[in-house]
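The structure appears below as structure tokens.
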Amino acid sequence: SLQAKMSRPVQSRRLEGVDKNIWVEFVKLAATYSTVNLGQGFPDFPPPDFLKEALVTALSGENHMLHQYTRAFGHPPLVKILAQLFEKLLGQELDPMTNVMVTVGAYQALFCCFQAFVDEGDEVIIIEPFFDCYEQMVTMAGGTPVFVPLRLKAPENGKMMSSADWKLDSAELASKFNERTKAIVLNSPNNPLGKVFSRGELELIADLCVKHDVLCISDEVYEWLVYDGKEHIRIASLPGMWDRTVIIGSAGKTFSATGWKVGWTVGPNRLLQHIRTVHQNSVYHCATAAQEAVAQGFQRELMLYGKPDSYFVQLPKELQKKRDWLVQSLDAAGMKPIIPEGTYFLLADISNFKSDVPDVPNSDEPYDSRFAKWMVKNKGLAAIPLSAFYCGAHKNNYSHFIRFCFAKEEATLKAANDILQKWKQEKTS
């Protein structure tokens, strides 16, 4: 009967289980309870004036074609300036039309990569902790995620932990490569840890990629946000890697405008041609005016490259101050911060606060997740549990850390500090 036909369950190939998303749940909790949101990774301060002015000009200026479609693979002024910049950064000649493609944020760039390269039975190595969409996107493409953890080597007594204390085990990493390995995802600077991979670590990954003929999807959205004089090394600049690496970048993170959703891929044409195919048959096109404004922003930055007035120099200086302020604040409250070398984020060890949040015997939910929910409901402070950045089997391995975002206005950080200090007083009184 028609009724029987209507009620047949819909088979959604590969999508079973990838519909769950931590952000949906925690964004809702933050909106409901939070007075201070240090959860999601976006600045609550404005983008630089020169960028906002460029967008206003694009929208209200004489060039009415900026309201229409531009080139599907990237607005010509933007791909040209990105090619110029990356030539400088990589020491590699680039063709703006074949070596650069603009996407709807770095998120769509990632999706295009996994759809373009990953087939049924392919394995993709993901370094834990990882930005959560990598696992889901690999699964949606029909691939098998293979996880290799960064392992915490605790520092000597009395020293604060750093994101550099989380290290790859070279033998463990090498053991994950085999003839089914199609790609490895590298995220440096890493979200959620703030780890900036060292040259030695990148050389280890590069050597394995070359040896096993494996692609590298290099998520470098925080490339300008490194602290303490650290250097962000681009894996594509290492021997043998240009030809097998897709670099992913983000104007949202680069210019503090995450809502604009302008991202890009940079790489050899042999890889980008497949990414273009996915792009043109899904999103097809990105907002023209936003691309125009981002192109203007990069033009300014290329002129000021390395100079004190450069936003790429000023922003990390500002964020380093905010990081240090939050580190001090968490430390004073008794949460043990892990000092990040880069990104918007830092982790804090919540072991000293376990007495506040009762254990639930036989609970499937990792402790840090319950702690973060309790904290937003009872203290009005939102953060994200570290277990959200691990695969199902490993969620309980590091379940006493939570992630804070420090890319916030002074007032927001001060309000967070007030909550933490009051909490500490309650604990000691």
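The values are calculated or read from the model by the stated rules, or taken from the named source; none is laboratory data. No experiment lies behind these values; they were computed from the predicted model shown. Positions of Cβ are backbone-derived with ideal geometry, glycine not excepted, and every protein chain shown enters the neighbour counts. Areas reflect the complete protein model, heavy atoms only, side chains present, ligands, DNA and RNA absent. Shrake-Rupley method; radii C 1.70, N 1.55, O 1.52, S 1.80 Å.
The figures follow:
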{"item": "Residues located in region 241-270, provided they are under 18 Å from Leu85 (Cα atoms), open to solvent by 30 Å² or more (accessible area, probe 1.4 Å) and under 14 Å from the mean Cα position of the chain (by Cα)", "result": "Lys253"}
{"item": "Qualifying residue in region 147-157 (condition: open to solvent by 40 Å² or more (accessible area, probe 1.4 Å), aliphatic (A, V, I, L, M) and under 26 Å from Tyr344 (Cα atoms))", "result": "yes"}
{"item": "Residue count, region 102-127 (criterion: open to solvent by less than 10 Å² (accessible area, probe 1.4 Å) and farther than 11 Å from Val185 by Cβ)", "result": "5"}
{"item": "For Ile350: the one exception among (1) touching a Leu at 6+ places or on another chain (Cβ under 9 Å); (2) within 30 Å of Lys321 (Cβ to Cβ)", "result": "(1)"}
{"item": "Filter result for Asn417 (assigned by the TED database to the domain that holds Ser34, in contact (Cβ under 8 Å) with a residue 60 or more places away in the chain, touching a helix residue (DSSP H, G or I) at 6+ places or on another chain (Cβ under 6 Å) and of a type outside the set (Lys, Arg))", "result": "yes"}
{"item": "Candidate set from region 21-49 (those that are open to solvent by 30 Å² or more (accessible area, probe 1.4 Å) and of a type in the set (Phe, Trp, Tyr)); member that is nearest to Thr254 (Cα to Cα)", "result": "Phe42"}
{"item": "Boolean, Asn281 is out of contact with any helix residue (DSSP H, G or I) (no Cβ under 7 Å at 6 or more places or on another chain), farther than 30 Å from Phe50 by Cβ, open to solvent by 10 Å² or more (accessible area, probe 1.4 Å) and at pLDDT below 95", "result": "no"}
{"item": "Set Leu204, Leu193, Leu238: member being in contact with a helix residue (DSSP H, G or I) (Cβ under 6 Å, 6 or more places away or on another chain), open to solvent by 20 Å² or more (accessible area, probe 1.4 Å), farther than 16 Å from Val146 by Cβ and in contact (Cβ under 8 Å) with a residue 24 or more places away in the chain", "result": "Leu204"}
{"item": "Which listed residue is surrounded by fewer than 21 Cβ atoms within 10 Å (Cβ to Cβ), at pLDDT 95 or above and either touching a Phe, Trp or Tyr at 6+ places or on another chain (Cβ under 9 Å) or aliphatic (A, V, I, L, M) (or both), from Gln296, Gln328, Gln273, Gln314", "result": "Gln296"}
{"item": "Top-ranked residue of region 272-287 - restricted to ones that are assigned to a helix (DSSP H, G or I) and among the β-branched types (Val, Ile, Thr), ranked as farthest from Val262 (Cα to Cα)", "result": "Thr277"}
{"item": "Number of positions in region 317-368 that are farther than 18 Å from Phe45 by Cα, part of a loop (DSSP other than H, G, I, E, B) and β-branched (Val, Ile, Thr)", "result": "3"}
{"item": "Among residues of region 393-412, those that are surrounded by 18 or more Cβ atoms within 10 Å (Cβ to Cβ) and either part of a helix (DSSP H, G or I) or not polar (S, T, N, Q) (or both), counted", "result": "12"}
{"item": "Residues of region 288-310 that turn out to be without any contact (Cβ under 8 Å) to a residue 40 or more places away in the chain and assigned to a loop (DSSP other than H, G, I, E, B), as a count", "result": "6"}
{"item": "Conditions (1) open to solvent by less than 20 Å² (accessible area, probe 1.4 Å); (2) over 24 Å from Trp224 (Cβ atoms); number of the one not met by Met97", "result": "(1)"}
